[in-house]
Amino acid sequence: MVKIQDRSPVPDYAQLGSLAGRGFIVAGAGQGIGRQTSHALAALGAKVLCVDVVPELAEAVAKEVGGVPLVADMCERQGVRQALDTAQQSFGGLSGIVDIIGLARFAYLADMNDDDWDWAQHVNLKHAFLLAQMGGAALADAGGGSIVYIASVSGLGAAQRHAAYGAAKAGLISLVKSAAVEFGGRQVRFNAVAPGVVWTPRIGGAIGEERRAQWSAPTPLGRLAEPRDIAAAALFLSSDLAGFITGQTLVVDGGLRERFPYPVEEL
């Protein structure tokens, strides 16, 4: 057997992970996953535009990371245009976008009204479409870049008592695939992160600390995700380390979806 020595060049992997000097928009930066993502990007050198609909939250996070605050509604075309223009003016260019925005209302399908359905599609999908269309075009004109969305495992399986949210997140996952194909030739990558339950301030308030262990128990890693876990995945997908990854949804749920669903311990 002839042995062939591998002489292919070895890249600077640390440099591939660096975001030094690159401009990023974080939509929904004010708290939870958005705040942690802003910190994650800034820690690797990115210049971050921290967008939120709550002025105090946008300003507080921007101050923490040395970024630029912006109050804008990213579910409206005018708000997305304002964010893109502000990033260009503040940073001299744009390299990536991370879109955190998303909310659920809980009700059984039989009890859900039209407003609940329409609201879920608007608040979970409208901004994703606008950022894909307008943000994708801006990044393409700049020579390429990355857009990362926060999806949900609710878009990959049943979403009991929040079917409208699950349907919207399934639509987001499909949008990521289509955008990746349509913008791929212009070097814009689209990916998503699909968390399970994340212990954000909102979820913590809804579940309560006393039930945290109960919700954590089925997860193979034995805990619920923290916002930093999702931010780390978004950071990877935003960097050049993920330079050949597009159209994908990365599940970050501590292995919960891989667990055999039946009580084998009783056998």
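Values in this text are rule-based calculations from the coordinates and carry no lab data. The structure displayed is predicted, hence computed values, not measured ones. Don't worry about glycine lacking a Cβ; one is built from the backbone with ideal geometry, like all the others, and counts go over all protein chains shown.
Please list the non-local residues whose amide H lies under 5 Å from the amide H of Y149, H modeled 1.01 Å from N, same-chain partners needing a gap of 5 or more.
Correct list: D99, N191, A192, V193.
Ratio of alpha-carbon Rg to the 2.2 N^0.38 Å globular estimate for the chain, to two decimals, please. Present the calculation step by step, with values, prior to reporting the outcome.
On the way: Rg = 19.4 Å, N = 267, 2.2 N^0.38 = 18.4 Å.
Its radius of gyration relative to the 2.2 N^0.38 Å reference: 1.05.
Would you kindly derive the ³J(HN,Hα) couplings of the range 19-26 from the backbone phi angles with the Karplus curve 6.51 cos²θ - 1.76 cosθ + 1.60 (θ = phi - 60°), listing them in order in whole Hz, with x for Gly and Pro?
These are the phi-based 3J(HN,Hα) values: 10, 3, x, 8, x, 10, 9, 10 Hz.
What is the fewest-to-most order of K47, K3 by other Cβ atoms lying within 10 Å of their Cβ?
Placing the least packed residue first, the sequence is K3, K47.
State, as an integer percentage, the relative contact order of the chain based on alpha-carbon contacts under 8 Å between residues 6 or more apart. Could you put the intermediate results ahead of the total?
Working: 509 pairs, mean separation 48.4, N = 267.
Answer for the chain is 18 percent.
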